[in-house]
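To start, the structure under review is shown below, and the notes come after it.
Values quoted throughout were computed directly from the atomic coordinates according to the rules given, and no laboratory measurement underlies them. Please read these numbers as outputs of a predicted model, since none were measured by experiment. Glycine gets a Cβ as well: all are built from the backbone with ideal geometry, and neighbour counts include every protein chain shown.
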């Protein structure tokens, strides 16, 4: 299961991480977020050695959501070397996410 990240831990868990990190910006009330969550858990289990997957609850961490321009959820953002390198919005099936993330899953 993906680790929950807060404003306090974002620097260490995401920006300073040696691996690429996929951040799932989500909320409890968001249906598509609940759809994509088990898919992200599967990706984490399969590719956890290559990419770290973490979650940010936008209701609990609105400052992070604002800082990274999250206007719709689920928002999936990939950070590499402390930089935002890819952003996706909306729930997608597993194969589509694997295609979007292919460069980090090899």
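Figures for the structure shown
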item	result
Subset of region 77-92 [over 17 Å from residue 26 (Cβ atoms) and in contact with a helix residue (DSSP H, G or I) (Cβ under 7 Å, 6 or more places away or on another chain)]	82
So residue 57, is it surrounded by 12 or more Cβ atoms within 10 Å (Cβ to Cβ) and over 24 Å from residue 106 (Cβ atoms)	yes
Close pairs from region 22-46: first free of Cβ contacts under 8 Å to residues at least 60 places away in the same chain, partner outside any strand (DSSP E or B) and exposed (fewer than 15 other Cβ atoms within 10 Å of the Cβ), Cβ under 6 Å, at least 6 apart	27/59; 39/94; 41/1
Flag if residue 73 is touching a residue at least 24 places away in the same chain (Cβ under 8 Å), within 14 Å of residue 92 (Cα to Cα) and crowded, with 17+ Cβ neighbours inside 10 Å	yes
